[in-house]
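Report on the structure given below.
The values are calculated or read from the model by the stated rules, or taken from the named source; none is laboratory data. The model shown is predicted, which means the values in this text are computed figures rather than measured ones. Please note: Cβ atoms are built from the backbone with ideal geometry, for glycine as well, and neighbour counts cover all protein chains shown.
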Amino acid sequence: MSLHGRDLVSIRDLSREEIEQLLESARKMIPFAEGTKVAKPLAEKIVAMAFFEPSTRTRLSFEAAVLRLGGRCITIADAGATSMRKGESLYDTIRMLSSYADAIVIRHPNEGAARLAARASERPVINAGDGAGQHPTQTLLDLATMQEAFGTLTGLKVVLLGDLKYGRTVHSLAYALAQFGSELVLCSPPALRLPEDHREELRHLGARLTVEEDVKRAVGDADVLYVTRVQKERFSDEDEYRAVAGSYRVDSRLLAGAKPRLIVMHPLPRAGEVAPEVDATPHAAYFRQAFLAVPVRMALLNEVLGSPRRGG
Amino acid sequence: MPVRELKITPIKNGTVIDHITNGLALDVLRIIGVQRLDKDSTVSVALHVRSGKLGWKDIVKVENMELTSRTVNAIALIAPTATISIIRDYKVREKRTVDLPPRIMGILRCPNPNCVSNLPEPVESEFEVSERRPVVLKCAFCERRVDDFLRHLA
């Protein structure tokens, strides 16, 4: 089992053992991500950041991860400034880029773009989000956050709250958690329920699934409350959006009935779903989650680009 | 008194697609692309024919045409019970059942309008067969599940 030289397009590309191995490597990377220890396994390596869609956290944490490992980045941060504006295909753009770098990290507004890039590229491709599709490194850092808080991923009761229909992070996360035997509670407005084909896949994996529309009841005995942003553009009516968004607000009143060890997670940016007053409580895990992006992406880049493991 | 039967005339050269699921002959014709046929070819369609095996079935006969494997794969998607006979000089030279391959290339469009395979990129659409009974496909690019093939023929 080795990730050396491999693409990571979907969380489905990783076995449970490979996920566990990455989370273990990420844990060891924390002091290097904080800068208290230094190692340069990616010295002389170039990683291309091909961002065809705006991103703050994902791009900066990937760049930080490369730099912390001693590598260097070349970056497309604005697709409008590339030859794609002249009509060059994504395929050709990536093919060209793969001759300049040792690996490519791609974000693109179209679903399946990372899979296409992986076919075009002669070097490993890491998906940093393709449209409403996959965002596997987000899932890895979500899992890392839960594992750090509870020491395990098995048997956790995880409430997925908010937009479960369009939110790409929840689809991959639910898939991964199902493999670890977590109990999933789906909590969303009726219009934003997890699509049936996803539910069927989760059941197929043996996941314990329940649907609970009442947030208070859902939070009752949960270990993790994973909140996603309800996107305004999904609603035709502004009042309807406000009513839905308001009913899923996480604040101290809601958390008063929660387990003391419950953690609140959010892929950020938040738009009012989690009240700022939660930041000061021991429940708030979202800033830790944002930090863990760096060691998790370091662990992945190191596995993909560093020296191959012996016997791997 | 003998019963008069109206039969489809035999063809000299071409293909007979038999045991098509009742009601799907016109969709099979759509897949074959009859508009692309030789203008002198005759196409015969029999709908709702008694069948010992299926109860009722449809039959399509196309003169002067042998199907490509791509077309056969597409027929397998919508009519898995179909059999295909290649006729040469009025005789059945080859008879086979349709078989669904593990990957379906180029026949369908991904129903996800935001899928990269719907952009002008130098790639064919591609689906993996993720379930066989009933057939469910998964887009090799965006992972969208597809089970309503007729609506998404390319």
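Figures for the structure shown
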quantity: Test result for residue A:141, among the hydrophobic types (A, V, I, L, M, F, W, C) and in contact with a strand residue (DSSP E or B) (Cβ under 9 Å, 6 or more places away or on another chain); calculated: no
quantity: Test for residue A:225: is it in the same structural domain as residue A:146 (by TED's automatic domain parsing), in contact with a strand residue (DSSP E or B) (Cβ under 6 Å, 6 or more places away or on another chain) and either under 27 Å from residue A:112 (Cβ atoms) or without any contact (Cβ under 8 Å) to a residue 40 or more places away in the chain (or both); calculated: no
quantity: Some residue of segment A:238-248 being aromatic (Phe, Trp, Tyr) and assigned to a strand (DSSP E or B); calculated: no
quantity: Check on residue A:253, part of a helix (DSSP H, G or I) and in the same structural domain as residue A:125 (by TED's automatic domain parsing); calculated: no
quantity: Which listed residue is touching a helix residue (DSSP H, G or I) at 6+ places or on another chain (Cβ under 7 Å) and outside the structural domain of residue B:27 (by TED's automatic domain parsing), from B:45, B:116; calculated: B:116
quantity: Verdict on residue A:30 being surrounded by fewer than 19 Cβ atoms within 10 Å (Cβ to Cβ), aliphatic (A, V, I, L, M) and away from every other protein chain (no Cβ under 14 Å); calculated: no
quantity: Criterion (in contact with an Asp or Glu (Cβ under 9 Å, 6 or more places away or on another chain) and in contact (Cβ under 8 Å) with a residue 60 or more places away in the chain) met by exactly one of A:250, A:278; calculated: A:250
quantity: In segment A:83-122, the residues that are buried (at least 22 other Cβ atoms within 10 Å of the Cβ), more than 14 Å from chain B (Cβ to nearest Cβ) and touching a residue at least 60 places away in the same chain (Cβ under 8 Å); calculated: A:103
quantity: Candidate set: segment A:48-62, residues that are out of contact with any Pro (no Cβ under 9 Å at 6 or more places or on another chain) and over 20 Å from residue A:292 (Cα atoms); chosen: the one nearest to the other protein chains (Cβ to nearest Cβ); calculated: A:50
quantity: Criterion violated by residue A:132 - all others in (1) within 14 Å of another protein chain (Cβ to nearest Cβ); (2) outside any loop (DSSP other than H, G, I, E, B) satisfied; calculated: (2)
quantity: Members of segment A:204-213 found to be more than 22 Å from the chain's Cα centre (by Cα) and modelled with pLDDT under 90, listed by number; calculated: A:204, A:206, A:213
quantity: Residue A:125 being within 14 Å of chain B (Cβ to nearest Cβ), within 21 Å of residue A:88 (Cα to Cα) and either out of contact with any helix residue (DSSP H, G or I) (no Cβ under 8 Å at 6 or more places or on another chain) or β-branched (Val, Ile, Thr) (or both); calculated: yes
quantity: Number of the condition not met by residue A:63 [criteria: (1) over 15 Å from residue A:306 (Cα atoms); (2) modelled with pLDDT under 95]; calculated: (2)
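Conditions (1) outside any helix (DSSP H, G or I); (2) out of contact with any Cys (no Cβ under 9 Å at 6 or more places or on another chain); (3) more than 29 Å from residue A:66 (Cβ to Cβ); (4) outside the structural domain of residue A:35 (by TED's automatic domain parsing), marked per residue:
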position: A:259; (1), (2), (3), (4): yes, yes, yes, yes
position: A:264; (1), (2), (3), (4): yes, yes, yes, yes
position: A:271; (1), (2), (3), (4): yes, yes, yes, yes
position: A:279; (1), (2), (3), (4): no, yes, yes, yes
position: A:282; (1), (2), (3), (4): yes, yes, yes, yes
position: A:297; (1), (2), (3), (4): no, yes, no, no
position: A:301; (1), (2), (3), (4): no, yes, no, no
